[in-house]
Amino acid sequence: MAEKRVGIRELKTHLSEYIRNIKAGNTVVITERGVDVGRIIPASGLREEGIQNLVRSGFADWNGKKLRPGKPVAKIKPGSKTLAEIVSEDRD
């Protein structure tokens, strides 16, 4: 992944060009008077990068497959209060 540095004025003037570069997988570092102030990275890499950070830090374990929806763990008995009613009572 290539990284390109650009000043704010240049970024504003040629935004479409930089967006095309980002879509292509490149990162753009935004500078103000030569000082880094921000970074634009491709959106597709955010999720995978975040997951890999969690796995590396030991907070998650993931085999790379898509998760299937789980079954609900809580059941409400017929005639009992709804969750909204219970939360509302706790607020009083």
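May I ask you to verify whether Asp61 is acidic (Asp, Glu), over 30 Å from Arg9 (Cβ atoms) and not in a loop (DSSP other than H, G, I, E, B)?
When the stated conditions are applied, Asp61 does not pass them.
A count restricted to segment 68-90 and to residues that are in a loop (DSSP other than H, G, I, E, B) and either at negative phi or of a type in the set (S, T, N, Q) (or both) stands at 14. Across segment 49-65, the number of residues qualifying as under 27 Å from Thr27 (Cβ atoms), surrounded by fewer than 10 Cβ atoms within 10 Å (Cβ to Cβ), at pLDDT 80 or above and not hydroxyl-bearing (Ser, Thr, Tyr) comes to 3. Taking every residue in segment 39-60 that is within 21 Å of Arg20 (Cβ to Cβ) and pairing it with any residue that is exposed (fewer than 10 other Cβ atoms within 10 Å of the Cβ) and at pLDDT below 85, at least 6 positions away or on another chain, the pairs with Cβ-Cβ distances below 9 Å are Ile41/Met1; Pro42/Met1; Gly45/Met1.
Please state which of the following conditions Thr27 fails to meet, knowing it meets all the rest: (1) within 21 Å of Gly64 (Cβ to Cβ); (2) surrounded by 12 or more Cβ atoms within 10 Å (Cβ to Cβ). Going through (1) within 21 Å of Gly64 (Cβ to Cβ); (2) surrounded by 12 or more Cβ atoms within 10 Å (Cβ to Cβ) one by one, Thr27 breaks only (1).
Going by the structure shown, is Glu32 surrounded by 10 or more Cβ atoms within 10 Å (Cβ to Cβ), in contact with a helix residue (DSSP H, G or I) (Cβ under 9 Å, 6 or more places away or on another chain) and acidic (Asp, Glu)? Here the answer is yes, as Glu32 does meet what is asked. What about Gly45, is it at pLDDT below 85, of a type outside the set (Ser, Thr, Tyr) and over 30 Å from Arg5 (Cα atoms)? So Gly45 does not fit the description; no.
Out of all the residues in segment 1-50, which are under 29 Å from Asp61 (Cα atoms), among the polar types (S, T, N, Q) and not in a helix (DSSP H, G or I)? Selection gives Asn26, Thr27.
The values are calculated or read from the model by the stated rules, or taken from the named source; none is laboratory data. Owing to the predicted nature of the structure, the values given are computational and were not obtained by experimental measurement. Don't worry about glycine lacking a Cβ; one is built from the backbone with ideal geometry, like all the others, and counts go over all protein chains shown.
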